[in-house]
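Scroll down for the structure; my scribbles are underneath it.
The values are calculated or read from the model by the stated rules, or taken from the named source; none is laboratory data. What you are looking at is a predicted structure, and each value in this text was computed from that prediction instead of being measured. All Cβ positions, glycine included, derive from the backbone under ideal geometry; neighbour counts span all protein chains shown. For accessibility, only protein heavy atoms count, side chains too; no ligands or nucleic acids. Shrake-Rupley method; radii C 1.70, N 1.55, O 1.52, S 1.80 Å.
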Amino acid sequence: MKTVVSICFVLAVFTCSVIAGKLQIIVEESVEDCEYRAQRGDSLYTYYTGTFENGEVFDSNVGRAPYGPFTLGSRHVIEGMDLGTLGMCEGEKRKLIIPSELAYGEGGYGDVIPPDSTLIFEVVLDRIIRKDEL
């Protein structure tokens, strides 16, 4: 069952300083016995597929090694990915609909991401290394 989660709800325990209502987080597969949720400063490994609104895939690491580690909250990834993976559990799957302002904005990204593109990511959190374990 899919659940749409507002960014402010997900971030209520942390900070909700995003452009309200812009980032959409859809929990596609939750984890029943989640013992730990990703927090700022943790290092994450993810599997992802990134598409444009028309469904065209621009990047994916599915079938390869997980992407990471990236430190949550350190701007190692686009802001929408940072915010969208906050609070995830290992094994959880989310669909992130990231507006241009929280992705690559007016400049786009080389020949890969056109300016002002909304990006859609299917993300599975593979592994969390807690900040206190680093």
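Of note:
- Counting only strands (runs of 3 or more DSSP E) that fall entirely inside the stretch 1-111 and contain at least 3 residues that are modelled with pLDDT under 95 and open to solvent by 40 Å² or more (accessible area, probe 1.4 Å), the qualifying elements are 3-6.
- Qualifying residues in the stretch 112-134 (those that are over 16 Å from D59 (Cα atoms) and hydrophobic (A, V, I, L, M, F, W, C)) - the one surrounded by the most Cβ atoms within 10 Å (Cβ to Cβ): L125
- Filter pass, L72 being of a type outside the set (D, E, K, R), in contact (Cβ under 8 Å) with a residue 40 or more places away in the chain and under 27 Å from S30 (Cα atoms): no
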